[in-house]
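Structure first, commentary second.
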There are 2 protein chains.
Amino acid sequence: MSSLHGFSFIAGSLSNGNTGSFQAISPIDLATLPGDFKTASEAEVHLAMEAAHQAFSTFRATDGETRACLLESIADEIEALGTDLIDRARLESGLPEPRLLGERGRTCGQLRMFAAQARTHAWQDARIETAIPDRAPIPKPDLRRHLTPRGPVVVFGASNFPLAFSVAGGDTASALATGNPVVVKAHEAHPGTSELVAAAIAKAIAALDLPAGIFSMLQGSGRAIGLPLVKHPRTRAVGFTGSLAAGRALFDAAASRPDPIPVFAEMGSLNPIVVLASALEEKAAEIANQIAASITQGVGQFCTKPGIILIADCPEAATFRTTLAAAIQTAAPGTMLHQGISKTYQQGSSAMAAHPSLTTLARSESPATGCQGAALVVEASARDVLTDESLRHEVFGPFAMLVTVSGNGEVAEILHTLGGQLTASVFADPTDTTLPVLLDTLAESAGRVIINGVPTGVEVCSSMQHGGPWPASTDSRFTAVGSAALLRFVRPVSYQNIPDALLPESLQNANPLNINRQVNGTLTNRAV
Amino acid sequence: MSSLHGFSFIAGSLSNGNTGSFQAISPIDLATLPGDFKTASEAEVHLAMEAAHQAFSTFRATDGETRACLLESIADEIEALGTDLIDRARLESGLPEPRLLGERGRTCGQLRMFAAQARTHAWQDARIETAIPDRAPIPKPDLRRHLTPRGPVVVFGASNFPLAFSVAGGDTASALATGNPVVVKAHEAHPGTSELVAAAIAKAIAALDLPAGIFSMLQGSGRAIGLPLVKHPRTRAVGFTGSLAAGRALFDAAASRPDPIPVFAEMGSLNPIVVLASALEEKAAEIANQIAASITQGVGQFCTKPGIILIADCPEAATFRTTLAAAIQTAAPGTMLHQGISKTYQQGSSAMAAHPSLTTLARSESPATGCQGAALVVEASARDVLTDESLRHEVFGPFAMLVTVSGNGEVAEILHTLGGQLTASVFADPTDTTLPVLLDTLAESAGRVIINGVPTGVEVCSSMQHGGPWPASTDSRFTAVGSAALLRFVRPVSYQNIPDALLPESLQNANPLNINRQVNGTLTNRAV
């Protein structure tokens, strides 16, 4: 591997804030990894944001083809990093190589999906209503509206997807696709991975001769530069994936600005799974194994990990319980993403294990060492969940709570108490007559509703909704995953009575971009 | 006119908070109008919000046809109020009868436009991606996504549109169209108008046998019940039109909730107009008269009233200035909406007239009496506008500031300093070579860009964007006017692997609603 320089990237240049440095610690063996990473300063935040602002007027005027080429080049450059990237990401995150290969595929797939969107301009939702000069009592003007970029977007890299939701992840890709400059705050757990990917992005930008200011990446701690990034006057939107506490802090900072800006923070959730008697009667053991695998997959470090299982009180529940317990007991502890997450998981799971209202159903038989997390499933009564707020917190890692419920009325009561969720799932016989009402209840709580499946595994497509009512995300009207993610970073502009030659191409009569447009109420790609 | 009872409407029942009462004062002659209006209490806020919550599960399950019938019935009932409504609105708002007849037409037009949208379900943006069970490395699930209502919406009636942005205005219509219960805080300047319209809505709901809780209307002051409405745990979104100070207070309250909710506040703007030399050379006088009419129309009480005119330094500017001054001098003072607005305008315009950096270009020759507002146009230097923040505040009423600029560079500098706008206009010869860059600058600042026209007159259509960067509105991604207004109150839900019979109708294979859907990337109304 070529050596890592450790600098931040500001508009194509390497930068050192001269405020100290830090090293990456591998969660695998706590070894200090090569690379001395320069902690970014508030002055560098300012430089990056000003460069983004300066670059915006040029970048917003680029066409979809140019942005598509940029995103595709970034994907190519990331792939060209080869094993260097995978090796470093493995050492920094503890994630196994197959997972990282898959995640690189997803990352490049996202970049190419947003490239395709940039190319078609369909996201601009162009609408044209032609003038009616002789309308009474007043003439109708010519009005044309499309979506445009908002301006510089600050992206916080997430630790649990060091590629797919980090420097060149879904937030960056969707912001760039729509013409917004991006400033990334790299996650301090994987600074080397971040540097490699940032270099790939900078290389793609330079090769295409685009303004360097459309991308910067700052190394350092969220505590030092997170709030300055959100509060900077040039910042126009924020994308974040992480904890409720951190997401709330960013949201509050953005809301209290002189000019508040939108923050899309995806803050995790309990992802309740309801298991009805009609499902247990058929395949209690199979479902238990499926859920156990979802709890422990990736050491439980997915935002869609099921954290609470509501199970019907029926004879077959015993089989479910026994099978789940056995699967959890045999689950090997896995290396968690970094020392902080591992420590928080130790504390959170220990507190649950020691909670007087809870009993332990099962835990990994092998003890966890170093930064490992050991699976744990506890049992709680419905009453305790309803009355004790401390039982309703997400424990990030391979932990879940099993709750026996007396019926769907109690399920609804618990779901309402839990608040908003990314996902809500139910296992049931599809002919179960209680399903229609229950599905409505699930849809009220969550962004995604699943039958007879687990919530982990988030498909990147146009029908995905990854974002739910608070506290799952800060704004349930948007999604962090899938093609609709770019709607977070755009806004409509209407043009009234503008001569054709002066209109943006997407709104010109001849339809030079050959896109589908709403013209006087009808969707068409014809010229006006 | 039948007598007014003065009660609030809570879920179909009349309610008295027993916390006092107030009367409407006519701005025309300061006469106390009939009707003793009961000030709503916090207990009534709670009752209304709980009723809305209770009604939500039924209302969200209604189909588009039902909601369309509701909105059309409300329009019919409002029209059936006849001259009673127009007379009362005239007395309460001081607005002349022709304007109110037009506004009633707009109100009912909006209700019927949203009814048509409810009927077609197009707003649900249904997207279907069918499963690929044999995809490697993992199967692709069946995913279907559509937009659904968020839940109870609190609407604050606006004083400047006592019909079109009040009890049955655009916010209420767009929220009901999408299946959200509505609780209106009536504006205290027109409680009688509000009561009449609320009765029309309640009558329509009862006739259709819909849950009464989908609509409540509370009388009283924003100071007493505004924040309790925004902070209530059942409130899921807020629509507001009014001042920056009030909008900011509501936004801050919503953002600081344990579970923040979106507030769409449309808070007015300066609506800059740029007049280039190329336009002045051709028709300086005509443009001056057009702008004067826009400043004084409706006594300047539109959120799109032009508040600042940036004019090129050229010989023909003298003609523009003389003509504008003459038009302002002969503009008769008009009755403003209520004592509060009139007083605020007196103070604001007097402060501008007395400001040492400003000179008065012209004022209405006839003095204002009672609640009247007299037109005033002052002149400022570009330097003063750039350096003195007190010159950049909106003065709500027939006031504008004329600023001579040295070129488009200075225009851009001023626009950036002014912040976000609902609209930005330019008068120019369409072949003016400086226009393309200038239009980009205008589009960066505003939600709507206009050439050779004034900003007043907001067309209600699908291409309208009424909402711009802060401080014009709290979230420039949404609009308060036009069919897209309903996107403020909905959120996406994805369904994964749900059996066809259990899916919402909009997502079922057979397409029983016969709507256009994105099916595996192609827009079609065919069955899957």
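Pairs are defined by a Cβ separation below 8 Å, a sequence spacing of at least 6 or placement on different chains, a first member in region A:60-79 that is in the same structural domain as A:ILE201 (by TED's automatic domain parsing) and in contact (Cβ under 8 Å) with a residue 60 or more places away in the chain, and a second member that is surrounded by fewer than 16 Cβ atoms within 10 Å (Cβ to Cβ) and among the β-branched types (Val, Ile, Thr); the pairs so defined are A:GLY64/A:THR120. Considering B:ALA131, B:ALA118, B:ALA89, the condition of being at pLDDT 95 or above, crowded, with 20+ Cβ neighbours inside 10 Å and closer than 30 Å to B:VAL519 by Cα is satisfied by B:ALA118 alone.
Within the option set A:VAL378, A:VAL411, A:VAL403, being more than 14 Å from every other protein chain (Cβ to nearest Cβ), in contact with a His (Cβ under 8 Å, 6 or more places away or on another chain), farther than 30 Å from A:GLY102 by Cα and not polar (S, T, N, Q) holds for one residue only, A:VAL378. Contact map, region A:127-140: residues that are facing another protein chain (nearest Cβ under 7 Å) paired with residues that are among the small types (Gly, Ala, Ser), Cβ distance under 6 Å, separation 6+ or inter-chain. Pairs shown: A:ARG127/B:SER462; A:ARG127/B:SER463; A:GLU129/B:SER463; A:LYS140/A:ALA131.
Against the definition (more than 26 Å from B:GLY64 (Cα to Cα) and in contact with a Gly (Cβ under 6 Å, 6 or more places away or on another chain)), how does B:ALA245 come out, yes or no?
Taking the combined requirement at face value, the residue does not satisfy it.
Among the residues of region A:463-520, those that are among the β-branched types (Val, Ile, Thr) and in contact with a Gly (Cβ under 8 Å, 6 or more places away or on another chain) comprise A:THR474, A:THR479, A:VAL481, A:VAL493.
With the condition kept exactly as written, say whether any residue in region B:37-47 is under 30 Å from B:ILE515 (Cα atoms) and in a helix (DSSP H, G or I). Spell out the reasoning first.
The first filter runs over region B:37-47 and keeps only residues under 30 Å from B:ILE515 (Cα atoms), leaving none.
No, region B:37-47 contains no residue that is under 30 Å from B:ILE515 (Cα atoms) and in a helix (DSSP H, G or I).
Can you give me the number of residues within region A:361-373 that are of a type outside the set (S, T, N, Q) and within 19 Å of A:THR323 (Cβ to Cβ)? Show your work before the answer.
As a first pass, look at region A:361-373 and keep what is of a type outside the set (S, T, N, Q): A:361-363, A:365, A:367-368, A:370-371, A:373.
Filter once more, so that each one left must be within 19 Å of A:THR323 (Cβ to Cβ): A:361-363, A:365.
Number of matching residues: 4.
When we screen A:ARG526, A:ARG517, A:ARG491 for residues that are free of Cβ contacts under 8 Å to residues at least 40 places away in the same chain and either among the charged types (D, E, K, R) or farther than 30 Å from B:ALA424 by Cβ (or both), the only hit is A:ARG526. Of the helices (runs of 4 or more DSSP H) lying entirely inside region B:317-415, those containing at least 2 residues that are within 24 Å of the chain's Cα centre (by Cα) and crowded, with 17+ Cβ neighbours inside 10 Å are B:339-354. Of the residues making up region A:478-487, not a single one is at negative phi, out of contact with any Asp or Glu (no Cβ under 8 Å at 6 or more places or on another chain) and without any contact (Cβ under 8 Å) to a residue 12 or more places away in the chain. Scanning region A:473-488 for residues that are among the small types (Gly, Ala, Ser) and within 11 Å of the chain's Cα centre (by Cα) gives A:SER473, A:ALA480, A:GLY482, A:ALA485.
Here B:GLN290 passes the criteria (1) in a helix (DSSP H, G or I); (2) assigned by TED's automatic domain parsing to the domain that holds B:SER159 except the one numbered (2).
Matching residues to (1) within 20 Å of B:VAL395 (Cβ to Cβ); (2) among the acidic types (Asp, Glu); (3) at pLDDT below 95:
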{"residue": "B:PRO262", "(1), (2), (3)": "no, no, no"}
{"residue": "B:PRO272", "(1), (2), (3)": "yes, no, no"}
{"residue": "B:SER278", "(1), (2), (3)": "no, no, no"}
{"residue": "B:GLU282", "(1), (2), (3)": "no, yes, yes"}
{"residue": "B:GLN290", "(1), (2), (3)": "no, no, no"}
{"residue": "B:ALA293", "(1), (2), (3)": "yes, no, no"}
{"residue": "B:GLN297", "(1), (2), (3)": "yes, no, no"}
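Listed by position, the strands (runs of 3 or more DSSP E) inside region A:431-528 whose residues that are within 7 Å of chain B (Cβ to nearest Cβ) number at least 2 are A:446-451, A:490-496. Look at region B:5-24: where a residue is β-branched (Val, Ile, Thr) and a partner is in a strand (DSSP E or B) and at pLDDT 95 or above, sitting 6+ places away or on another chain with Cβ atoms under 6 Å, you get B:ILE10/B:SER216.
Name the single residue, out of those in region A:220-238 being within 13 Å of A:HIS187 (Cβ to Cβ) and under 19 Å from the mean Cα position of the chain (by Cα), that is nearest to the other protein chains (Cβ to nearest Cβ). Let's see the steps before the verdict.
The first filter runs over region A:220-238 and keeps only residues within 13 Å of A:HIS187 (Cβ to Cβ), leaving A:220-223, A:225-226.
Of the ones still in play, those that are also under 19 Å from the mean Cα position of the chain (by Cα) are A:222, A:226.
On the way: A:GLY222: 20, A:GLY226: 18 Å.
Looking at residues that are within 13 Å of A:HIS187 (Cβ to Cβ) and under 19 Å from the mean Cα position of the chain (by Cα), I get A:GLY226.
I'd like the residue in region A:92-115 that is assigned to a loop (DSSP other than H, G, I, E, B) and buried (at least 20 other Cβ atoms within 10 Å of the Cβ) and, out of all such residues, is nearest to the chain's Cα centre (by Cα). Before you say what the answer is, go through the steps one by one.
Restricting attention to region A:92-115, the residues satisfying the condition of being assigned to a loop (DSSP other than H, G, I, E, B) are A:94-96.
Keeping just the survivors that are buried (at least 20 other Cβ atoms within 10 Å of the Cβ) gives A:94-95.
Values: A:GLY94: 20, A:LEU95: 18 Å.
Within region A:92-115, the match that is nearest to the chain's Cα centre (by Cα) is A:LEU95.
The values are calculated or read from the model by the stated rules, or taken from the named source; none is laboratory data. These numbers were taken from a predicted model, which means no experiment stands behind them. Cβ: placed from backbone, ideal geometry, glycine included. Neighbour counts: every protein chain shown.
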